[in-house]
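No lab work stands behind these numbers, since they all come straight from the coordinates. Predicted model only: the values in this text are computed from it and were never measured. Glycine gets a Cβ as well: all are built from the backbone with ideal geometry, and neighbour counts include every protein chain shown.
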Amino acid sequence: MLPLIYFLAVGGLLFLALRLACGPCVTGRGTPAALPIVTFGWALSLFLAVTYLVCVAFDLLFPGYAMYPTWAGLLPGFVWLTPSGFVIGLVESLLYGWYAALLFGGLYNALVARGRLA
């Protein structure tokens, strides 16, 4: 649980710093080449959630090629083949998508607004 709180806190602080430094440009408003953060966040989160579901199905169908031991290090609190482990993995996949969208999208939009990217 501590790594999850850490990622949420760091992501929130970095996004807040970008927001204070750049203003509304971080959210993708006012610049034609900007990424809309909310749309980008949902797209990444759903992509990671669907990928997680496909991986769970793959591990159940082909246990000899299972990847779930790797997930234990990437998804804190994840336990294979338990209902709570499944839900934790799904929720953390969604949160990782938002984490990446806030940081990548915010940085991209800040750089576009300052004219460093075209």
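What is the calculated FRET efficiency for residue 86 to residue 8, with r their C-beta to C-beta distance and R₀ = 25 Å, to the nearest 0.05?
The calculated FRET efficiency here is 0.75.
Between residue 53 and residue 74, what FRET efficiency comes out of the Förster formula 1/(1 + (r/R0)^6) with R0 = 25 Å and r the beta carbon distance, rounded to 0.05?
0.95
Suppose the chain between residue 43 and residue 21 were pulled fully straight at 0.36 nm per residue; how much longer would it get relative to their current alpha carbon spacing?
Extra length from residue 43 to residue 21 when fully extended: 5.4 nm.
Could you work out the Rg to Rh ratio of the chain, with Rh taken as the Kirkwood radius (inverse of the mean 1/r over all Cα pairs)?
My calculation puts Rg/Rh at 1.09.
Of the peptides 13-23, 33-43, how do they stack up when ordered by the mean number of other Cβ atoms within 10 Å, highest first?
Ranked from most to least packed, the peptides come out as 33-43, 13-23.
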